[in-house]
Amino acid sequence: MGKSSLILIVGPTAVGKTELAIKLAEKFNGEIISADSRLFYKGMDVGTAKPSKEELSRVPHHLIDIVNPDETLSLAVFQKKATDIIENIYKRNKLPFLVGGTGQYVRAVTEGWTPPEVIPNEKMRDELEKLKEEKGIDWLHDKLRSLDEEAAKKIDLRNYRRTIRALEVIFSTGRKLSEQRSKGESPYHLISIGLTRPREELYKRVDERIESMFANGLIDEVQGLLDKGYSPTLPSMSAIGYRECVSVVQGHMSIEQAKVEMRRITRIFVRRQSNWFKESDESIKWFHPNDEKEIEKFIESKVRRA
């Protein structure tokens, strides 16, 4: 018995992954597993461009709305949940689609990563937290870059908890984090589809998405999270859009300033995403999202059923 097919759909934020994945899953009797870490959080819908209720009702979706904003989901736990769901989809003779832009979550599933097993060192973590408070997140990220440039490239500057965890693993083991992610042969017959648009077209979509978020109540969503007692310093609240809107709610920034900052940071994020999935990667077949028929033909030519 050969490996069963897993369709992987990757690409930068706002490229059009959600819409296309739903159409393909409808056509191929599939189900969608989200590998976008921002979509894990309940109550964080507008600012993460979470699929709408109508979109979620069209095909089954997994790993969306699974933790509260003050909870964390480790890479190892995500990997276990995702692989269990994929196996369950196979048992029901359906086709799994792994969709998302969070590179390490995708690779953990498709490459069978074994994340480093380092027991959390609370004392070291506290020391790194203090350094972050004293010297700032930029200093912390620069420290990681000096020790492990490859790992630093793939960690968002603002996600300081991942930066701290990476430093903790490096200091605990004396080895680069990027060298510890042991990967094996993919457990799946992987059909990798990359979505791409010309950069200016993508940036225009990013700008339109940001305008839409504010029109659809992003400020109210952030205010509601704060009213429920969620701290603005939570890792989930450092996601693009949330930190800026906290500043708006607290009177430190105007809505227009928040939009400008979100556009700037999202462009940086788009460039960082290209470190995970490169258009030069021959294992990924790249398409413009409008090339639906070509993408369908590609899947039909590659897919294997269990």
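Observations on the structure shown:
- Tabulated pairs, region 294-306, first modelled with pLDDT under 95, second in a helix (DSSP H, G or I) and of a type outside the set (D, E, K, R), C-beta under 8 angstrom, 6+ apart or interchain: Ala306/Tyr90
- Any hit, region 95-108, residues being within 30 Å of Pro60 (Cβ to Cβ) and surrounded by fewer than 19 Cβ atoms within 10 Å (Cβ to Cβ): yes
- Restricting region 218-240 to residues that are assigned to a helix (DSSP H, G or I), over 18 Å from the mean Cα position of the chain (by Cα) and in contact (Cβ under 8 Å) with a residue 24 or more places away in the chain leaves a set whose member that is nearest to Val46 (Cα to Cα) is Leu218.
- Looking at Glu87, Glu26, Glu31, just one residue is at pLDDT 95 or above, surrounded by 17 or more Cβ atoms within 10 Å (Cβ to Cβ) and on the phi < 0 side of the Ramachandran plot, and that residue is Glu31.
- When Tyr90 is tested against (1) in contact with a Ser or Thr (Cβ under 9 Å, 6 or more places away or on another chain); (2) closer than 20 Å to Tyr41 by Cα; (3) not polar (S, T, N, Q), just one condition goes unmet, and that condition is (2).
- Given (1) in a loop (DSSP other than H, G, I, E, B); (2) of a type outside the set (Ser, Thr, Tyr); (3) buried (at least 19 other Cβ atoms within 10 Å of the Cβ), index of the condition Arg243 fails: (1)
- Listed by position, the helices (runs of 4 or more DSSP H) contained in region 141-217 that have at least 1 residues being within 19 Å of the chain's Cα centre (by Cα) and assigned by TED's automatic domain parsing to the domain that holds Ser37 are 199-215.
- Any hit, region 65-76, residues being assigned to a helix (DSSP H, G or I), surrounded by 22 or more Cβ atoms within 10 Å (Cβ to Cβ) and assigned by TED's automatic domain parsing to the domain that holds Leu218: no
- Looking only at region 43-55, residues that are surrounded by fewer than 16 Cβ atoms within 10 Å (Cβ to Cβ) and either within 15 Å of the chain's Cα centre (by Cα) or within 20 Å of Gly16 (Cβ to Cβ) (or both) come to 4 in all.
- For region 16-34, the set of residues classified as touching a helix residue (DSSP H, G or I) at 6+ places or on another chain (Cβ under 6 Å) and closer than 24 Å to Asn216 by Cβ consists of Ile22, Ile32, listed by residue number.
- Residues that are outside any strand (DSSP E or B), under 20 Å from Thr83 (Cα atoms) and among the charged types (D, E, K, R), drawn from region 1-38: Lys3, Asp36, Arg38
- Residue under evaluation Ile86, criteria (1) farther than 27 Å from Ala239 by Cα; (2) β-branched (Val, Ile, Thr); (3) in contact with a helix residue (DSSP H, G or I) (Cβ under 7 Å, 6 or more places away or on another chain), criterion not met: (3)
- Test result for Arg107, among the basic types (Lys, Arg), touching a residue at least 24 places away in the same chain (Cβ under 8 Å) and either within 30 Å of Lys176 (Cβ to Cβ) or not assigned by TED's automatic domain parsing to the domain that holds Glu200 (or both): yes
- Flag for Gln273 being in a helix (DSSP H, G or I), out of contact with any Asp or Glu (no Cβ under 9 Å at 6 or more places or on another chain) and assigned by TED's automatic domain parsing to the domain that holds Ile89: yes
- Here Glu122, Glu117 are screened, and the one residue that is at pLDDT below 85, surrounded by fewer than 14 Cβ atoms within 10 Å (Cβ to Cβ) and more than 19 Å from Pro235 (Cβ to Cβ) is Glu117.
- Here Gly251 clears all of (1) farther than 13 Å from Val206 by Cβ; (2) in contact with an Asp or Glu (Cβ under 8 Å, 6 or more places away or on another chain) except the condition numbered (2).
- Residue in region 150-171 that is modelled with pLDDT of 80 or more, out of contact with any Phe, Trp or Tyr (no Cβ under 9 Å at 6 or more places or on another chain) and more than 27 Å from Leu234 (Cβ to Cβ) present: yes
The values are calculated or read from the model by the stated rules, or taken from the named source; none is laboratory data. Predicted model, so just to flag it, every value in this text is computed and none were measured. Backbone-built Cβ (ideal geometry, glycine too); neighbour counts: all protein chains shown.
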